[in-house]
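Asks: Before we start, here is the structure in question, set down as structure tokens.
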């Protein structure tokens, strides 16, 4: 179960390892203040029912792969699974983090092919 965390942006503590599916509300570039007083332009993904997620290069590539397009406007209204990946490495250490993946496609049951009865001996005439 995810723990309550503070802050404006989504953190790994806000999601579970199993993940949940969320609809994308928007994806836009925003000026964010960095800890050193500087600002930097980053892509921010706004999701229904979650805090906004600052996108890193890996999650951007995963979104492009999931939706087949780099056009962020085409992502709006589509769903993505957001989860905590405890295996993420940064600076040579395993730190964990938020990851995105495509919503699994629903398994469709194939209809059984009709059975053809070629045995004419059972036809009563």
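Asks: Here are 71, 18: which of them is surrounded by fewer than 17 Cβ atoms within 10 Å (Cβ to Cβ) and under 18 Å from residue 104 (Cα atoms)?
Replies: It is 18.
Asks: Next question. Out of the residues in segment 23-37 meeting the condition of being loosely packed, with under 11 Cβ neighbours inside 10 Å and in a strand (DSSP E or B), tell me which one is modelled with the highest pLDDT.
Replies: 31
The values are calculated or read from the model by the stated rules, or taken from the named source; none is laboratory data. Everything quoted here is computed from the prediction, not taken from an experiment. Glycine also receives a Cβ, built like all others from the backbone with ideal geometry; neighbour counts cover every protein chain displayed.
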